[in-house]
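Note sheet for the following structure.
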């Protein structure tokens, strides 16, 4: 018996040594390596505990004076360590793996946010919430999104109005399959005309976009109609001579990130839709 | 006799370029154009092919000129730091003035021309432009511009900046009719200047002493030819960003086909380069539709293996 | 044809040539002989207008050389440096064609004639890179023939050539000089080859130390002085002065 106890004791000592990453139940010092994570952490009410963010984390306003630790794809390990974080939150969609490996080697606890598709995000929020000790708030946040996800679609698959989401007008870059935007479009009932493009953010053929006659064109952040670039694109995409009355809707970048503004972004999409009419009615 | 061959070659190239206009994600039948196809042809395909032809022609001709001026078969239009200068000018313009006060092509053109002027100043010797100094100046400046550009990209997180760099790396899909008159004037002007000096280009290849012996002023010939190449390249870059490899590849192919006499090789390089880029763009918009593969990628994919083969066979001058 | 009057020339502010005067008659084959650094190339470049003298005047066909513009000068005098590039993407015919540039399309000889004179008709379409050393020289020479200049300035045209090609080139030049009254001024090292020429100028360190017909000029003493040789070497290298005045020399009349 004593031998077993002794062994257990040794094991406990070993496990409590410096090799084991510290596991803080409610981390007080959190570094976020993704804008979506920064926004989510603030939405979970943990803004005070965020001690470091990346240079591209621009929301919310309150985050602006936090210490920057570098970019998303190239954060500075030194800067992160200098902040003595108890938890570093990362995502698979944009952060390099080597940072995760290095942080673990230094014994820093990390939480990796893996969900990429819209349907996986509520689960991811809850996981994050559990990890940072904000499970209840996370649940509320997740529910907001889930409510929208479980709303039954207005149209049968493939029968809704056709849509195109423009990320950048020149060259034309659109939201393709596998993006949050694509998921949101499908959720609301649109048919993304770029769904066969093969990659997430393809350089799309303007010709093809013209031929596929989208019913709605969504213009992403920064591309309102006063912009000459956008005007040129629209002139080519929906030439008035063809008398094709495509609707043009300007939206924000809410759907660009897997953050707390996703529900709002989904609603923005809905506003562009005459939800009563089916495509065949036109 | 050779003149007619040259004329036929150019005409054939032009014809090929014209035919390529009708290819794309969906084939256009010139005899049966509905309203939509007509719109696509006029608004999208024609300006695009026109820009491709002008760019490819400008780059092909500039490549020939610079390979002659530098007596180096590996010279290409960007050796003078032009693409770096253009990209940097565009990037700075965006940074310093929020939304562009000047259109991007104008900025790119100014940047490219500025880079040329800088290189020319660096390359000046007591008797005009010296090729060795030009080359060193151009390469050095090119590295410098690239470094500054990378620095900007690292420090600034403006998405627009990054996207502009994307445009600078070669985009024919945003071609529109507005750019074409200016580009046409500059490129044809540069070509005319180069053609007027094509004898000078030939004798420069023989070395300065023999060029002098034949009654030419090598420094002056280099100067005018440099201006011609700079104008054409700067215009090409401002029309559709930097498309690599055309300027390197086309002169070699043309010399292989019609010989090295610039009076013949220059026009053929222009038409050949133009057609090449037209065809490459045609393929780029058709192969993976609805995706667009940049024309420069197609040129490199097809051109590089061919280029290596030719080099191994010929070996002259290398 | 060509006159140097009291020419002074400096190399990077150090005086090199001073008080140099000589004249070359039309149709004459003049050789500049001397060791390296004697100033042979410099004199040829001065005559070609590539270098400008500090003092004195150079006259070409009676006019000061500076009074010619580039094209006029090129119509009168042709210059070939010592190093001729073969790694150029041109063919022989294309190279020869360029000889016509100073005449803007009304060259005194056309390309095929120039090729024929130089004995290169068979090689008209050959790329320069495929020619032998002798053929390359002749190709560039053919270019100067098309140029139709009255005076050819050739810097070491025999350098690196087999004796056979040297002989070919010298015979060619002699034939051209005789038939067309073209003046040929060439620099050379080889005293055997010097015997082919009409007259020689012996140069050492920028100074003219002798002038005259080859057989008269190239005595042992001069050779010793010129090339800093000892007695034995000077005797061995003397250019066969005691060979009979060879009637087979086939000196063309006129």
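Would you pick out the residues in the range B:199-226 that are under 22 Å from residue B:138 (Cβ atoms) and surrounded by 21 or more Cβ atoms within 10 Å (Cβ to Cβ)?
Across the range B:199-226, the qualifying residues are B:200, B:201, B:204, B:205, B:208, B:211, B:218, B:221, B:222, B:225, B:226.
Check the range B:250-271 and report whether any residue there is surrounded by fewer than 24 Cβ atoms within 10 Å (Cβ to Cβ) and in contact with a strand residue (DSSP E or B) (Cβ under 7 Å, 6 or more places away or on another chain).
Yes, the range B:250-271 has at least one match.
Does residue B:71 fit the bill of being under 30 Å from residue B:142 (Cβ atoms) and more than 14 Å from chain A (Cβ to nearest Cβ)?
When the stated conditions are applied, residue B:71 passes them.
Being in contact with a strand residue (DSSP E or B) (Cβ under 6 Å, 6 or more places away or on another chain) and either within 14 Å of chain A (Cβ to nearest Cβ) or at pLDDT 90 or above (or both) is true for just one of B:163, B:197. Which residue is that?
B:163
Can you confirm whether the range A:249-256 contains a residue that is part of a helix (DSSP H, G or I), away from every other protein chain (no Cβ under 14 Å) and without any contact (Cβ under 8 Å) to a residue 40 or more places away in the chain?
Checked the range A:249-256: at least one residue is part of a helix (DSSP H, G or I), away from every other protein chain (no Cβ under 14 Å) and without any contact (Cβ under 8 Å) to a residue 40 or more places away in the chain.
Given B:63, B:85, which one is assigned to a helix (DSSP H, G or I) and away from every other protein chain (no Cβ under 14 Å)?
B:85
So, in the range C:83-105, of the ones that are in a loop (DSSP other than H, G, I, E, B) and more than 21 Å from the chain's Cα centre (by Cα), which residue ends up surrounded by the fewest Cβ atoms within 10 Å (Cβ to Cβ)?
By that ranking, first place goes to C:105.
Rundown of residues vs (1) touching a strand residue (DSSP E or B) at 6+ places or on another chain (Cβ under 7 Å); (2) within 19 Å of residue C:145 (Cβ to Cβ), yes/no style:
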| site | (1), (2) |
| --- | --- |
| C:39 | yes, no |
| C:44 | yes, yes |
| C:60 | yes, yes |
| C:72 | no, yes |
| C:120 | no, yes |
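Could you list, in sequence order, all residues of the range C:59-80 that are surrounded by fewer than 22 Cβ atoms within 10 Å (Cβ to Cβ), in a strand (DSSP E or B) and touching a residue at least 40 places away in the same chain (Cβ under 8 Å)?
Residue satisfying the conditions is C:59 alone.
Quick one: which residue in A:128, A:141 is more than 20 Å from residue A:93 (Cα to Cα), under 15 Å from the mean Cα position of the chain (by Cα) and in the same structural domain as residue A:30 (by TED's automatic domain parsing)?
It is A:141.
Quick one: residue A:155 ticks every box in (1) away from every other protein chain (no Cβ under 11 Å); (2) crowded, with 24+ Cβ neighbours inside 10 Å bar one, so which box is it?
Condition (2) is where residue A:155 drops out.
If the requirement is being touching a residue at least 24 places away in the same chain (Cβ under 8 Å), surrounded by fewer than 17 Cβ atoms within 10 Å (Cβ to Cβ) and either more than 14 Å from every other protein chain (Cβ to nearest Cβ) or farther than 16 Å from residue A:39 by Cα (or both), which of these qualifies: A:137, A:91, A:114, A:150?
Of A:137, A:91, A:114, A:150, the one residue that is touching a residue at least 24 places away in the same chain (Cβ under 8 Å), surrounded by fewer than 17 Cβ atoms within 10 Å (Cβ to Cβ) and either more than 14 Å from every other protein chain (Cβ to nearest Cβ) or farther than 16 Å from residue A:39 by Cα (or both) is A:137.
Is it the case that the range C:127-138 has a residue that's under 29 Å from residue C:59 (Cβ atoms) and either within 14 Å of another protein chain (Cβ to nearest Cβ) or buried (at least 22 other Cβ atoms within 10 Å of the Cβ) (or both)?
yes
Somewhere in the range C:91-108, is a residue more than 24 Å from residue C:2 (Cβ to Cβ), in contact (Cβ under 8 Å) with a residue 40 or more places away in the chain and in contact with a strand residue (DSSP E or B) (Cβ under 9 Å, 6 or more places away or on another chain)?
Yes, some residue in the range C:91-108 is more than 24 Å from residue C:2 (Cβ to Cβ), in contact (Cβ under 8 Å) with a residue 40 or more places away in the chain and in contact with a strand residue (DSSP E or B) (Cβ under 9 Å, 6 or more places away or on another chain).
Condition check ((1) over 20 Å from residue C:188 (Cβ atoms); (2) modelled with pLDDT of 85 or more; (3) in a strand (DSSP E or B)) across all residues:
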{"residue": "C:9", "(1), (2), (3)": "yes, yes, yes"}
{"residue": "C:15", "(1), (2), (3)": "yes, no, yes"}
{"residue": "C:22", "(1), (2), (3)": "no, yes, yes"}
{"residue": "C:27", "(1), (2), (3)": "no, yes, no"}
{"residue": "C:31", "(1), (2), (3)": "no, yes, yes"}
{"residue": "C:38", "(1), (2), (3)": "no, yes, no"}
{"residue": "C:45", "(1), (2), (3)": "no, yes, no"}
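Is there any pair linking a residue in the range A:221-238 that is more than 8 Å from every other protein chain (Cβ to nearest Cβ) and within 13 Å of residue A:170 (Cα to Cα) to one that is part of a helix (DSSP H, G or I) and at pLDDT 80 or above, with Cβ under 6 Å and at least six apart or on different chains, and which?
Hits for this filter: A:223/A:230; A:237/A:209; A:237/A:210.
Check whether at least one residue in the range B:77-93 is modelled with pLDDT of 85 or more and surrounded by fewer than 16 Cβ atoms within 10 Å (Cβ to Cβ), and report yes or no.
No: zero hits.
Among the candidates A:272, A:189, A:198, single out the residue that is outside the structural domain of residue A:115 (by TED's automatic domain parsing), closer than 25 Å to residue A:150 by Cα, at pLDDT below 90 and touching a strand residue (DSSP E or B) at 6+ places or on another chain (Cβ under 9 Å).
On inspection, the qualifying residue turns out to be A:272.
Please tell me if residue B:237 is surrounded by 24 or more Cβ atoms within 10 Å (Cβ to Cβ), within 14 Å of another protein chain (Cβ to nearest Cβ) and within 28 Å of residue B:301 (Cα to Cα).
Answer is no for this residue.
Just the residues that are over 21 Å from residue A:224 (Cα atoms), surrounded by fewer than 21 Cβ atoms within 10 Å (Cβ to Cβ) and at the interface with chain B (Cβ under 9 Å from one of its Cβ atoms), please, taken from the range A:164-208.
A:196, A:198, A:199
Residues that are closer than 27 Å to residue B:173 by Cβ, at pLDDT below 90 and surrounded by fewer than 17 Cβ atoms within 10 Å (Cβ to Cβ): does the range B:141-152 have at least one?
yes
The values are calculated or read from the model by the stated rules, or taken from the named source; none is laboratory data. A quick note: this is a predicted structure, and the numbers were derived from the prediction, not measured. Cβ: placed from backbone, ideal geometry, glycine included. Neighbour counts: every protein chain shown.
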